[in-house]
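Notes follow once the structure below has been shown.
The values are calculated or read from the model by the stated rules, or taken from the named source; none is laboratory data. Remember, it's a predicted structure, so these values are computed and weren't measured experimentally. A quick note on method: Cβ atoms are made from the backbone with ideal geometry, for glycine too, and the neighbour counts reach across all protein chains shown.
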C-alpha cells in the first residue's frame, strides 16, 4: 500500500533514478491510452460523501473495450520519451473519455523535470483542441494525427488539389496523378512505391481560451462574452501508393464479406455499425430491401493513401515532423509488452489502492525493461523482446548439496551482451554460495522499489 499512498512521488523517484542510468531525452513526449479488464462481474458504484457532498467515482467501470469483454475495465494513460522509455502514467475509471485525462496527466508529468520545451505527440483521439491549445504555450509544441475525413470542405479541396506536393526522398515536386499512375512492377519505380509525397497547408483556427471579456454594444449596454484566440498550425498531408494499395485490399475483403451477409440478410436482426463491414450495406425507407452502398464505397476510396498530422512547429522540415510521428508505434509496443510478455491482465484485485499499486509495479517492470533494451541497442546489439525476457527468466541455479550452485541455463548472445554491459558475472556455470548470496543481496538493495521504501522509512 505504500506505493499507492505515494503515487506521484514514486513516479518522480523512478524518473530521477532512471536519469542516472540513461540521460532521459524528454524533447518529445508521446501519449496514448489503453484498457485493462478485471475478473469481476460488477462495476464499482459511485459514492457521495455525506459531509462534503463530493461524488467519489468508482474506478472499475464498464466502457468501450477492443476485446468486447463483459468485464469492468480501467484506463491507463502512458507517457513515453523520445527513446521509447516510459515517463509517467495515470489510472482512470474505464468509463471516462480518454481525451479528458490528457491535459491533467501532462501537467503532473511536467512537474517532474525542468525542461518544459517538449513536443507533445499523440493520435487524433488524444490530440483534440484542448490538448493543442495547452501545448501551444510555455515553449511546448504538438504533433498530432489529423483525420483527413474530418477536415473542412475547403481544406479537403486543398488536400485533393494536385499542387505543391513534393517527393519524400529528394524534396522535388511530384504530382498526385503521377503517384497514382506509375507502374509499380518496374524496378526503377520501387523508390516511389516505398516513398510518399507531402505538402503543408497553413491553418489558423479560432479557439476558446477559457477566458471572458466585457464588450459594450452601441446602445451602451455591456455583456460578458468568451474570449477567442487564434491557434496557428499547419496540416502536413502525405500520400503513399503502398498504403493506398493496402487500404484498397482491406476494403475489398470487407465488401466481399458484406456481399455474403446480403445473401442471408435477416432484416429483423440487422444492425449497422460505423466501422464494421455492415457500413457498406444500405436499406430503403421501409427497411425491407437491402443492397450494397456503392456511394459509401466510392466516398471511402477517395481517402486511400492519404494521411495527415497537425502541428504548430514551423521551423522544422515536414519530413522531420513526420519522423517524430512515425515513432509513436513504440508506445503501442509498450502496451503489448505489458499485456503479453508481462501478463499484466487479467487483474484480480478489487480495492482501488491495490489496483493502482499493481499497475505501478507493472510500470516499474516496463521501465526497467526499456532501460535495458535501450542500453543494448546503444551497444549495437539488437534482440527481440521475447529473446531478452526468455534469457532473464531462464537464469536459475540449483543447489548442489549446499556446496555450490550450478546454473540451469546455457550461454547465449543475449547473455554475453548483458554481461558485457553490466559485468554481473552471471555467465558462469558454477557459483559459490557466499559469492551468489552477496551478489543477490547487493541487487536487492539497489532495486528502485527497495530504495524508495528505505527512503520513506528513514523519513
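With the condition kept exactly as written, say whether any residue in segment 293-307 is more than 23 Å from the chain's Cα centre (by Cα), over 24 Å from residue 145 (Cα atoms) and assigned to a loop (DSSP other than H, G, I, E, B).
For segment 293-307, residues more than 23 Å from the chain's Cα centre (by Cα), over 24 Å from residue 145 (Cα atoms) and assigned to a loop (DSSP other than H, G, I, E, B): present.
Please state which one of 166, 190 is surrounded by 14 or more Cβ atoms within 10 Å (Cβ to Cβ) and either touching a strand residue (DSSP E or B) at 6+ places or on another chain (Cβ under 9 Å) or free of Cβ contacts under 8 Å to residues at least 24 places away in the same chain (or both).
After applying the criteria, what remains is 166.
From the set of residues in segment 410-427 that are at pLDDT 90 or above and buried (at least 16 other Cβ atoms within 10 Å of the Cβ), which is farthest from residue 380 (Cα to Cα)?
The extreme case among them is 415.
Based on this model, can you work out whether residue 133 counts as outside the structural domain of residue 81 (by TED's automatic domain parsing), closer than 20 Å to residue 311 by Cα, touching a strand residue (DSSP E or B) at 6+ places or on another chain (Cβ under 7 Å) and not in a loop (DSSP other than H, G, I, E, B)?
Against the criterion (outside the structural domain of residue 81 (by TED's automatic domain parsing), closer than 20 Å to residue 311 by Cα, touching a strand residue (DSSP E or B) at 6+ places or on another chain (Cβ under 7 Å) and not in a loop (DSSP other than H, G, I, E, B)), residue 133 qualifies.
Among the residues of segment 280-316, what is the count of those that are loosely packed, with under 11 Cβ neighbours inside 10 Å and under 20 Å from residue 200 (Cβ atoms)?
1
For segment 136-156, which positions are assigned to a loop (DSSP other than H, G, I, E, B), in contact (Cβ under 8 Å) with a residue 60 or more places away in the chain and farther than 14 Å from residue 312 by Cβ?
Within segment 136-156, 147, 148, 149, 151 qualify.
Would you say residue 96 is without any contact (Cβ under 8 Å) to a residue 60 or more places away in the chain and farther than 16 Å from residue 11 by Cα?
Criteria met by residue 96.
Find the helices (runs of 4 or more DSSP H) located wholly in segment 314-404 whose residues include 1 or more that are outside the structural domain of residue 13 (by TED's automatic domain parsing), touching a helix residue (DSSP H, G or I) at 6+ places or on another chain (Cβ under 9 Å) and without any contact (Cβ under 8 Å) to a residue 40 or more places away in the chain, and list them.
Answer list for segment 314-404: 385-393.
Conditions (1) in a strand (DSSP E or B); (2) modelled with pLDDT under 70; (3) touching a helix residue (DSSP H, G or I) at 6+ places or on another chain (Cβ under 6 Å), marked per residue:
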| residue | (1), (2), (3) |
| --- | --- |
| 74 | yes, no, no |
| 84 | no, no, yes |
| 90 | yes, no, yes |
| 103 | no, no, yes |
